[in-house]
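Please read the structure below before turning to the comments.
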Amino acid sequence: MDLKQWIRDVPNFPMEGIIFKDITPLLAHPPAFRYALGELEKYCRDKRADTLVAIEARGYILAAPLADRLGIGFVPARKPGKLPWEKIREEYQLEYGTAALEVHADAITQGQRVVIVDDVIATGGTLSATRRLVERLGGQVMGIACLVELSFLNGRRNLDGYDFFSLVRY
Ligand code: AMP
């Protein structure tokens, strides 16, 4: 299935010069959403994931139904100040300034097999920070999966040595 027909380009959002990949048409079209979930599910199954770690907020839309299909756990990586319990934080570079993500300190156990899920990889900074969070808690990053890869930004170079899967490439 050609998923690109369900992914909308929105120029200059959220700022001048960015072409935002809007996946809401795909989410609204059941055959496309189901197909995308099915492909990501196969990848996670192949990696024998014990748990999925997903990134706020669009990563959750994909990872929550995937975790349910796979019968495994779901761990949210959140923006600072949202998680209520003891947590750890990783900061990373954005084009302008820095950002940070947090996970609960007890969210992952030593040796757990983790697949990280997000909607879009651009520079790879977000996924790389999430990867560091997982490893600080003793998790093994078995794979990293995205719906959309902006391959011209070469975000994969930030994930060198890790297994990476994307469903739609630009
Ligand atoms: P990066 O850290 O540069 O790989 O950025 C990835 C994060 O920013 C993901 O959580 C995406 O949801 C979001 N993102 C970055 N660029 C885009 C884009 N062009 N369209 C949609 N989402 C984007």
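Give me Rg/Rg_expected for the chain, where Rg uses Cα atoms only and Rg_expected = 2.2 N^0.38 Å with N residues.
Working: Rg = 15.3 Å, N = 170, 2.2 N^0.38 = 15.5 Å.
Cα-based Rg divided by the globular estimate yields 0.99.
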| remark: Checking rank on 132-145, 14-27, with mean other Cβ inside 10 Å and highest first, the result is 132-145, 14-27
| task | Could you work out how far the C-alpha centroid of the range 92-170 sits from that of the range 24-38, in angstrom? | result | 22
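Can you compute the charge dipole magnitude of the range 44-169 about its Cα centre, using +1 on each Lys and Arg Cβ and -1 on each Asp and Glu Cβ, nothing else charged? Give it in debye, rounded to the nearest 20.
Magnitude of the dipole: close to 120 debye.
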| request: Using a 1.4 Å probe over the heavy atoms of the protein chains, calculate the carbon and sulfur portion of the accessible area of the range 60-170 as a whole percent. | output: 48
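Restricting to Cα pairs below 8 Å that are 6+ residues apart, what does the relative contact order work out to for the range 1-119? Please round to a whole percent.
Working: 173 pairs, mean separation 26.9, N = 119.
It comes to 23 percent, rounded to a whole number.
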| task | Would you calculate, for the chain, the mean residue ellipticity at 222 nm contributed by helices, counting each DSSP H stretch of 4 or more residues as -39,500 (n - 2.57) and dividing by all residues, to the nearest 500? | result | -8500 deg cm²/dmol
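DSSP loop (so not H, G, I, E, B), at most 15 other Cβ within 10 Å: list which GluC sites (Glu not before Pro) in the range 66-121 pass both filters.
86, 95
Heavy-atom accessible area per residue, the range 30-75, 1.4 Å probe: how many Å²? Walk me through the numbers on the way to the answer.
Values: 2090 Å² over 46 residues.
Here the residues of the range 30-75 average 45 Å² of exposed surface.
Taking the Cβ of residue 115 as the center, what net charge do the other residues with Cβ under 15 Å away carry, scoring Lys and Arg +1 and Asp and Glu -1? Walk me through the numbers before you get to the answer.
Working: positive: 42, 45, 47, 48, 69, 113, 131; negative: 39, 41, 46, 50, 68, 118, 119, 135, 163.
Residues close to residue 115 contribute a combined charge of -2.
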| Taking the range 24-53, which trypsin sites (Lys or Arg not before Pro) meet the DSSP loop condition and have no more than 10 other C-beta atoms within 10 Å? | none
| note | If each K or R counts +1 and each D or E counts -1, the residues other than residue 19 whose Cβ falls under 15 Å of its Cβ total -2
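How do 121-127, 76-82 rank on mean C-beta neighbours within 10 Å, highest first?
On the way: 121-127: 22.6, 76-82: 15.4.
Most protected by this proxy first, the peptides run 121-127, 76-82.
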| message | Below 10 angstrom from the Cβ of residue 139, what's the summed charge of the other residues (Lys, Arg +1; Asp, Glu -1)? | response | +1
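The values are calculated or read from the model by the stated rules, or taken from the named source; none is laboratory data. In this text the structure is predicted, and so the values were computed from the model without any measurement. Counting neighbours? That spans all protein chains shown, and the Cβs are built from the backbone with ideal geometry, glycine included. Accessible surface areas use protein heavy atoms only, side chains included; no ligands, DNA or RNA. Shrake-Rupley method; radii C 1.70, N 1.55, O 1.52, S 1.80 Å.
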